[in-house]
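Working notes, beginning with the structure itself.
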Amino acid sequence: MDVKYINPFLESIRNVFDTMLQVAFIIGKPSLKEEPVPRYEVSGIIGLSGHITGCVVLNLSEELALHLASALIGDEVTELNEDCTDAIGEIANMIAGGAKKDFPGEDNSISVPSIIIGKHHVSYPRGLPVISIPCDTSAGRLVVEVALQENPVPDTAGAAAENSTESGG
């Protein structure tokens, strides 16, 4: 998995945390994730399709989710309710939008994030390694989990030349 596909997400997270949430963000050492069970009870899942397929999961504790939701809303959020879920969804959406702006290539779509609260599993794309990147903030830890693959680009130029030869011959 090429870092050129991971870095736009990390930079977008840093930007959202710095500018929108005023929460310091430090990236830890990446490792290979072995289990599909997230470490924390709140996940924002961003899907990708096109030339690059897979998902990016923002996994955070309830405490961090409440802190981030409060920072975004500007009012204290004390429980994982609809306001909190909406705020975490909006944060994940801002991260996805920022990453898309800097994502290499043009044939890629980034989905609207899904938010999962409570004990859960994530269905990562089969056969792909999952890179787990711990991140420390001034309000707690989150984990960015990345499972992406580059798909071959169809050779449309070769197919066009072949069709041209068949019809012209």
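The values are calculated or read from the model by the stated rules, or taken from the named source; none is laboratory data. The model shown is predicted, which means the values in this text are computed figures rather than measured ones. FYI the Cβ positions are ideal-geometry reconstructions off the backbone, even for glycines, and counts take in every protein chain you see. The area values use the complete protein model at the heavy-atom level, side chains included, leaving out ligands, DNA and RNA. Shrake-Rupley method; radii C 1.70, N 1.55, O 1.52, S 1.80 Å.
For Kirkwood radius over Cα pairs in Å, one of [x] 18.0; [y] 17.0; [z] 25.0 was computed from the structure I shared and the rest are decoys. Which label? Among [x] 18.0; [y] 17.0; [z] 25.0, the one derived from this structure is [y]. Taking all protein chains into account, the per residue accessible area for the chain stands at 54 Å² (1.4 Å probe). Report note on the peptides 73-86, 6-19: ranked by the mean count of other C-beta atoms within 10 Å, highest first, their order is 6-19, 73-86. Positive end of the dipole of region 42-102 (Cβ unit charges, origin at the Cα centre): among GLY98, ILE88, LEU72, the Cα lying farthest that way belongs to GLY98.
Shape class for region 1-92, computed from the alpha carbon gyration tensor (a ≥ b ≥ c): prolate, with a/c not under 1.5 and a/b above b/c.
Does anyone have the angle between helix 156-168 and the longest principal axis of the chain? Alpha-carbon axes, 0 to 90°, nearest 10? So the inclination is approximately 20 degrees. Relative to the dominant Cα principal axis of the chain, helix 62-73 is inclined by about 80°.
Summing charges over all other residues whose Cβ lies under 12 Å from the Cβ of LEU60, with Lys and Arg as +1 and Asp and Glu as -1, gives -3. Near GLY50, once Lys and Arg are set to +1 and Asp and Glu to -1 for all other residues with Cβ below 9 Å from its Cβ, the sum equals -2.
Using all pairs of distinct alpha-carbon atoms, the Kirkwood hydrodynamic radius of region 64-157 works out to 15.8 angstrom.
For VAL144, what is the net charge nearby, where nearby means another residue's Cβ is under 13 Å from its Cβ and Lys, Arg count +1, Asp, Glu -1?
Charge balance in the 13 Å sphere: +2.
Where a ≥ b ≥ c are the square roots of the eigenvalues of the C-alpha gyration tensor, would you call region 27-80 rounded, which needs a/c under 1.5, or, failing that, prolate if a/b is larger than b/c, or oblate?
Prolate, because a/c is 1.5 or more and a/b exceeds b/c.
Take the solvent-accessible surface of the protein heavy atoms, probe 1.4 Å, and return the percent of it on region 42-134 that carbon and sulfur atoms account for. Exposed carbon and sulfur together represent 47 percent of the surface. Computed about the Cα centre, the dipole magnitude for the chain is approximately 440 debye when only Lys and Arg (+1) and Asp and Glu (-1) carry charge, each at its Cβ.
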